[in-house]
Structures are given as C-alpha cells and as structure tokens.
1. Checking Phe482 against (1) open to solvent by 10 Å² or more (accessible area, probe 1.4 Å); (2) in contact with a Cys (Cβ under 7 Å, 6 or more places away or on another chain); (3) over 22 Å from Leu315 (Cα atoms): exactly one of these is not met. Which one?
2. Return yes when Pro432 is surrounded by 13 or more Cβ atoms within 10 Å (Cβ to Cβ), within 16 Å of ligand 1 (Cβ to nearest atom) and in a loop (DSSP other than H, G, I, E, B) and no when it is not.
3. From the list Tyr307, Tyr280, which residue is touching a Lys or Arg at 6+ places or on another chain (Cβ under 8 Å), more than 13 Å from His253 (Cα to Cα) and outside any loop (DSSP other than H, G, I, E, B)?
4. Determine which member of the set Leu141, Leu151 is modelled with pLDDT of 90 or more, in contact with a helix residue (DSSP H, G or I) (Cβ under 9 Å, 6 or more places away or on another chain), open to solvent by 50 Å² or more (accessible area, probe 1.4 Å) and within 22 Å of Glu184 (Cα to Cα).
5. Looking only at region 352-369, decide whether some residue is under 29 Å from Leu295 (Cα atoms) and either touching a residue at least 24 places away in the same chain (Cβ under 8 Å) or part of a helix (DSSP H, G or I) (or both).
6. Just give me the residues in region 269-303 being open to solvent by less than 60 Å² (accessible area, probe 1.4 Å), over 15 Å from Ser323 (Cα atoms) and either within 22 Å of the chain's Cα centre (by Cα) or hydroxyl-bearing (Ser, Thr, Tyr) (or both), in sequence order.
7. Take Thr407 and tell me if it is part of a strand (DSSP E or B), of a type in the set (S, T, N, Q), modelled with pLDDT of 95 or more and more than 11 Å from ligand 1 (Cβ to nearest atom).
8. Looking for whichever is of a type outside the set (Phe, Trp, Tyr), open to solvent by 60 Å² or more (accessible area, probe 1.4 Å) and at pLDDT 95 or above here; the options are Arg200, Arg185, Arg189, Arg160. Which one fits?
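The values are calculated or read from the model by the stated rules, or taken from the named source; none is laboratory data. These figures come from a predicted structure and were not determined experimentally. Using ideal geometry, Cβ is built from the backbone for each residue, glycine included, and neighbour counts are taken over all protein chains shown. Quick note on the areas: whole protein, heavy atoms, side chains included, nothing else; ligands and nucleic acids left out. Shrake-Rupley method; radii C 1.70, N 1.55, O 1.52, S 1.80 Å.
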Amino acid sequence: MSGKVKRTDKTNKSQSTKTKQSTNHKSYRYIYIGSVIIISVAVIIGIFLTTCDSTNNYCIGSGPEKLGEKSKSKKPQEAVTSSFLGSLPLSKAEKLDFSIKKKLFAAADKAEHDKTIEDAVAAFESILRKYPSSARAQYGLASCIDRQAELQLSNQLLERSIEEYYKVGMSEQVFVGLRITSLERLADRASFRGFKQKARDAYIMLSDIQPDIAKWRNLLGIQYLMSGQDAQAKEVFKGVLLKWKDNGRALCHLGFLSYSENKFIEAVEMIRRGIELDEYCHEGRFFTRLGDSLLKLDKRAEAYKYYQQGANEGLLLSAWQRSLYNAPNLRASPWWEPKQTGHYDYIEKLEKSWRTILSEAEAILDEERGIFEPEDEGLTDTGDWKQYTLYQQGRKNAKACEKTPRTCQIIDTMADATSCKRGQIKFSVMHPGTHVSPHCGPTNCRLRMHLGLIIPENVRIRVGNETRSWEEGKVIIFDDSFEHEVWQESKSIRIILIVDIWHPDLNQQQKRSLSPI
Ligand code: LMR
Ligand code: MN
C-alpha cells in the first residue's frame with residue numbers, strides 16, 4: 001500500500017532500552033566504548049599456567065563460583081581464578097601449552113604495551129603456525145586483535161577477534177576457565193557488533209558450562225530481548241526463576257514482559273519484588289513499567305509512589321516526566337507558548353497555511369482509509385486512532401508526501417522539524433469514543449506542536465495537570481515527555497497535524513549526535 005509507513009513514535013516501550021536506542025549497530029562506525037577487558041594477556045595466560053600443577057596433572061582452583069550474581073564488577077582476573085570447577089585432569093592441550101610456556105609468555109609480554117601489540121599478534125600467530133591447537137596462543141591472538149580493533153576503531157579487526165574468541169570458547173579441548181573468559185568477551189564483543197546470534201551462542205555455551213550460575217542465563221534472556229525474541233526471553237527467565245525463585249533480574253525482566261501481555265497483576269508483583277531484591281532493577285524503565293501497570297489496575301496513588309521513588313533515585317526526570325532518552329538540563333514544562341520555542345515563524349506559517357493542509361488531509365482521508373496506520377502501542381483503551389506519517393526520525397517519507405505535496409513543501413522550510421531525529425511529522429485522526437491512556441513520550445529532546453484541522457466539540461488533552469483543547473487553524477505546543485492523556489468524546493472525527501521540533505535548549509552538536517528515536 002503506497003504511503004504506508006511504520007509508526008516509530010515509541011513510548012517508553014522497549015525493555016532493552018539501554019542497548020537499543022536505535023537500530024544502529026553499536027560498532028566502531030558509530031561509537032567507541034573504551035576497553036574494559038583488556039587486562040593483560042600475560043596475566044590471563046600466567047594465571048592459567050601457574051594455577052595448574054603439571055607434575056600431578058591436576059589444576060587446583062578456588063572451588064565452584066558462588067551462586068547468585070553479586071559479580072557485577074568482578075574483574076576478568078577473578079573470573080578466571082574463581083571459575084575452576086574443582087579439580088580437573090590435565091588434558092593434552094594443557095600439556096602442550098605447558099611445554100611451550102616460554103614462548104607464550106614472551107608473546108604475552110609484547111601484548112603488555114599498545115606500541116608492541118602488532119608484534120604480539122605476530123608472535124601468537126607464529127606459535128599457532130607451529131602449534132595450531134595451543135589454546136592460549138589462540139586466546140592471546142584474539143585479545144590482541146581485540147585491542148587493535150579498539151585502538152584503530154576497526155570493525156574488520158573486531159570481527160576477526162570475535163572469530164578467534166569463538167574458536168577458543170567453543171572448543172571442548174580448551175581448559176574450562178579459559179573458555180569462560182573467552183566466551184564472556186565473545187558475547188560482549190559480538191553484542192557490541194550487532195552479531196546477536198553469536199552473542200546468544202556464547203551465553204548458551206556459558207550456561208551449559210556453568211549451569212549453577214544464573215547470570216549467564218539472564219544475559220541470554222537479555223540477548224533475546226535485544227533481538228526482539230520476547231517468547232524465547234520469557235522461557236529463559238522462567239527457567240531462572242524455577243531454579244532461583246528470588247532472582248531479581250529475572251523477576252523484573254519477566255514482569256516487564258507480562259505488562260506487554262496485559263498481565264498487570266503479575267507485572268506488578270514481579271517488578272516490585274525485583275526492585276526489592278536487586279539493585280539491578282533500579283532502572284527508569286522498571287519503575288515506569290511498575291507504575292504503568294498500577295495505573296492500568298486503577299491504583300493511582302501507588303503508581304505515583306513508584307514514579308516518585310524513581311525520580312528520587314535520579315532514574316526519572318520527575319514523577320510527571322518519565323521519558324527515558326533524555327538530554328540533561330533542558331527546560332522542562334508541560335505546556336509551551338509559541339514565543340518560548342524560538343520558532344514563532346514556523347508556528348505562524350503553519351497557522352496561515354492551515355486550510356491548505358486541511359484540504360490535503362481531507363483528500364487522503366477520502367481516498368483510502370487504509371493508508372492511515374493504526375496506533376499500535378496499546379495506548380488506547382477504547383476507540384480508533386490512526387496516523388499518516390510524513391517525516392520520521394528526521395527522514396522524509398517521499399511516498400507519503402506525494403499525496404500531500406503542499407503540506408510537505410511548507411514543512412520542508414522548517415529545519416528544526418525536518419531534522420528532528422527524535423520525532424515525527426504526521427496527521428493524526430481520532431475517532432469518537434477514543435480514550436488515550438496516560439503515557440509519556442520516549443524523550444525530552446523534542447517539543448510537540450499540534451495544528452488543529454478538524455476539531456469538534458468535546459475533545460481534550462491533558463498534559464501534566466492542565467487540560468486544554470484544540471482550535472481549528474491554531475497551534476498548541478507541549479512537551480510529550482510529560483504524562484499526557486486524550487479524550488475524544490464528540491460525534492465526529494478530530495484531525496490534527498503533529499509537528500515535532502527539537503527542544504530549543506539543544507545545541508547543534510547535540511542535534512547532530514543524538515541517536516534517532
Ligand atoms: C499524543 O501525542 O499522544 C496525542 O496527543 C496525539 C493525538 O493525536 O492527540
Ligand atoms: Mn503521546
């Protein structure tokens with residue numbers, strides 16, 4: 001169907017918000033996250049080599065890792081030393097590495113400094129040519145290439161290091177501690193590069209190797225969430241709770257998913273317990289989901305108690321303003337006057353052109369109702385609310401504009417609207433009997449202008465604690481990161497044009513670099 005566009009006006013919906021701000025892969029093309037792992041290759045290789053006693057063929061470790069997940073900030077070294085699962089017979093591969101210990105240490109020494117990292121790569125490669133089954137040489141190579149990738153911001157090197165980690169992590173010949181270290185880094189790098197399947201493979205393998213550690217399964221669940229595979233994620237979290245009924249992380253993720261299935265009582269119970277049990281759950285998205293579930297159950301006072309707690313903990317801008325993708329220090333007010341926006345010119349232009357815009361809206365409405373997309377975020381508890389999108393995430397929908405050329409021409413002159421990567425420009429048609437439940441937009445980086453086109457009696461919008469209505473040919477402006485709610489209680493349709501503009505307090509650099517929503 002021509003002109004059909006996907007609605008992306010996401011409310012605070014996504015569970016994997018931390019990692020899913022946009023569809024961009026978080027690879028080196030876009031951002032650079034400083035290295036956290038590259039602890040010295042020599043240390044890792046040294047730990048593995050010296051904690052094994054080559055005379056009696058056994059490796060002695062510090063016993064099984066404790067259950068639970070207090071290991072948030074555990075250093076890779078500790079991960080290595082504490083992951084020995086009791087005593088293990090020394091394998092053939094272990095014996096090989098002991099026999100070439102000196103070569104391995106010499107190569108690892110080169111990896112100590114960024115200046116000699118290339119030499120280290122060459123040294124590990126040379127060992128591998130002679131001893132292809134040396135696990136430590138393979139791991140050394142993987143982590144040196146990983147480091148090079150970071151230094152050079154190179155996706156190609158990153159991908160190569162992922163391959164090398166994969167070889168170490170997936171090989172049953174390799175000593176278990178080294179496999180765990182490799183798999184953990186593999187998952188992290190693969191996820192960073194957007195290689196979701198590989199990241200999942202790594203967590204599945206980690207869960208197999210260490211079935212008594214809930215962390216791996218939770219991380220697997222989160223990977224599923226990041227790939228939009230909610231059903232699989234749900235199974236994983238349920239599995240965690242069968243084994244560890246008080247696992248906070250699994251509880252809050254599962255509760256978050258319950259909300260999407262309209263299971264609000266379950267959502268409240270689980271998220272609330274998650275928040276009680278684990279600091280991890282103290283995140284804006286869990287507090288908003290908990291409050292939203294309570295609102296659905298008509299428990300307003302309790303909902304605001306949690307919104308307020310989220311705000312007090314610095315996780316939400318305020319109990320009223322609950323967007324999750326925020327820029328700091330922006331003026332925050334539910335309603336705005338034209339003059340305050342710095343875009344009086346746009347507003348005048350829209351108001352002057354309103355009849356032209358209206359006639360195009362009427363034409364598309366008459367032509368084919370199917371070209372309007374229904375609101376798909378479960379915000380309406382009753383009624384019918386549809387939209388026709390002209391711009392989204394700062395990109396023009398040329399197909400849609402073909403049917404409303406004059407409207408698009410007018411909009412094209414408004415740079416702070418057309419370039420607003422965190423907003424949309426769209427016609428919004430609301431039928432009688434529609435109620436849009438209280439909700440917050442995803443970001444404080446935009447202001448939302450509504451140009452009234454067809455406005456019957458008995459329609460109104462509340463933003464914060466002030467309710468207003470529209471007027472034909474007039475613009476109203478609000479900040480949709482504040483809680484808002486809409487009622488359409490008339491006998492005929494209401495049509496408005498929604499134009500999002502960048503928040504006037506953002507500077508050019510921010511407008512350029514903020515990720516699209
Ligand atoms: C909203 O932005 O949630 C609503 O105000 C949109 C509309 O069509 O009223
Ligand atoms: Mn809204």
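1. Of everything listed in (1) open to solvent by 10 Å² or more (accessible area, probe 1.4 Å); (2) in contact with a Cys (Cβ under 7 Å, 6 or more places away or on another chain); (3) over 22 Å from Leu315 (Cα atoms), Phe482 misses just condition (3).
2. Against the criterion (surrounded by 13 or more Cβ atoms within 10 Å (Cβ to Cβ), within 16 Å of ligand 1 (Cβ to nearest atom) and in a loop (DSSP other than H, G, I, E, B)), Pro432 qualifies.
3. Tyr307
4. The unique qualifying residue is Leu151.
5. For region 352-369, residues under 29 Å from Leu295 (Cα atoms) and either touching a residue at least 24 places away in the same chain (Cβ under 8 Å) or part of a helix (DSSP H, G or I) (or both): absent.
6. Within region 269-303, Met270, Ile271, Gly274, Ile275, Asp278, Tyr280, Cys281, His282, Ser293 meet the criteria.
7. Here the answer is no, as Thr407 does not meet what is asked.
8. Every option except Arg160 fails the conditions.
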